[in-house]
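Below is one structure, written out as structure tokens, with a few remarks after it.
The values are calculated or read from the model by the stated rules, or taken from the named source; none is laboratory data. In this text, all values refer to a predicted model and were calculated from it rather than measured experimentally. With ideal geometry, Cβ positions are generated from the backbone for all residues, glycine too; neighbour counts draw on all protein chains shown.
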Amino acid sequence: MKVPLLQMLLLLASLTGRCVATPSAPWDVYVKAGEMVVLNCQQGRYHGPVIWTIENKLQMDLSKISPAEQRQMGLLCLDRSLFILTASVNHQGDYSCSQRNVSKQFWFRLTVYSTLTRELENSTQYTMTCYTHESCTLTCPDNDIPPPSNPNFTSYDIIWRKEGESLRKVVSYFSSVEDTDNGVYTCTRPYLFDGQIYNRSYTLVLDVQPSKQTLDKHPVILSPLDNETIYVDVGSLAVIKCEAEFNSDQSSLFWLSGGQFVQRDDDSLPVFYNYTWEYTTKGKKATANLVLKRVTENDLLNNYTCKMQYLSKSSYVTLTVTINLAKKDRRSHISVALCPVVIVAVMAATVIVYVKFKIEITLFLRDTLGCRRKSSGVKTYDVFLMCYNSDKVTGLKPCDRRWLQNVLEENFGYKLCLFERDVQPGKAVAEALLDCIEQSQSVVLVPSSAAQSLETGLLSAIHAALVERKTSLVVIKPERANEAEWDSVPEAFQLLEKTGHCVTWEGLSSLSPSSAFWKKLRYHLPPARNGNKAFPLEALPC
């Protein structure tokens, strides 16, 4: 099983693109049962045939299946596309495509439905907005259809139908769209292949809005609201703003107090208003600020009205808003002043509690309430338990290593990848090691006297791949390893330790699944796909 260092490095260089890489999010594809769907593989500048794999069929490689067998499965591989001629629930799952001799893969998650649920409606419906009295052309999506360059499929005219009028075909062009044209439309793309018609349908929601040209014809008083109560301090200055936007050149904005006009720009009076205006993208914006230089008890008895008049189609239109003044409650000042203090105190306490108990909080939410991030569906294992033998540091004893494996699998439900158990005999060490890392969501590095040594070159290459691909790594540090011993390990191992999270194995005190060691280790690992089994275990004798 020993491989020369140079050969291992060459293997690493050839596998870098796919080792320890977290795959990109799959492309979600939705299709109605009985219809055709096409998965088009995009490989950038690469050309030529691609390899298609069905992940939910035990990683079935379609390139190794004859065309006749593909047709029996309802599949067809042409050029760089995978055709599912008549989709069914049996075709649902994860697909991937890759270029030969190129490690990068593209993923598709296919969902086949018979009945639309509320969740599926949000994922399968397309929305289009048009405006009344304007022309509108419905556009049928072109996702997941045969490439135009494919000569085997002949496309026909798109068929449009409106929900509730399924027997009547509708046109996709409106010279002047109206409110009655609102609704849900279905467009169907028919294709002829091998003497048979296959369809691909989409749902489009048409939202008809008022014409943009009429949206700003009338002024809108922005503030204050009608019959709004404004609280003021008796004996203090009060300024009340009234704003309006309009497109009319003949308009006025002013204030009334108890039905009487308030004087403009006369600051010698106890009550007056200032007027300013400016041009905006919507037209003209005017502001009238009512100023009460010193609020009195009598001012609280008056009603104040902001009034606007403008010319529209040879007649004047009047808009008004009325506000009422009320005395501020002095106690409200104390409440307002205390609110920021209380908020800051609560936030500080929350941060302190979270920092101190973040591990317990995270594990509680994960195990008790089921709060866990969605794991990738393309990974075979949760954790790769990779043992490493170093003559500088005393590793975990064999019984401790077996205990670590049993608790992870039997008590916490992790699916482990073990080199000595899950790797086929005769496979090169470097290739087998990198395959295990690629198929696992996280890597746990365990110094062990029972494991074989990994050369420094291989450790360095693993470190570079982990950093580049941002793969999760946890390093278990033996309790007996002092700082001098730990500093004497190879530099490549020290880099791995700095890249990942370090958890110390403390012997007997770490045996219990409820110990601090297991809490910290599980905190740094992804959630187990099988959940917390909580099986009782007995310690293994050493």
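General observations
- Residue within segment 216-238 that is part of a strand (DSSP E or B), in contact with a Ser or Thr (Cβ under 6 Å, 6 or more places away or on another chain), at pLDDT 90 or above and not hydroxyl-bearing (Ser, Thr, Tyr) present: no
- Scanning segment 242-272 for residues that are in a strand (DSSP E or B), at pLDDT 90 or above and more than 15 Å from Asn303 (Cα to Cα) yields a total of 1.
- Residue in segment 495-514 that is in contact with an Asp or Glu (Cβ under 6 Å, 6 or more places away or on another chain), under 18 Å from Cys399 (Cα atoms), at pLDDT 70 or above and in a loop (DSSP other than H, G, I, E, B) present: yes
- Some residue of segment 432-441 being surrounded by fewer than 19 Cβ atoms within 10 Å (Cβ to Cβ) and part of a helix (DSSP H, G or I): yes
- Hits in segment 297-317 (condition: loosely packed, with under 13 Cβ neighbours inside 10 Å and at pLDDT 80 or above): Glu297, Asn298, Leu301
- Number of the exception - Asp61 against (1) surrounded by fewer than 16 Cβ atoms within 10 Å (Cβ to Cβ); (2) charged (D, E, K, R); (3) at pLDDT 80 or above: (3)
- Segment 154-211: number of residues that are loosely packed, with under 11 Cβ neighbours inside 10 Å and in a helix (DSSP H, G or I): 2
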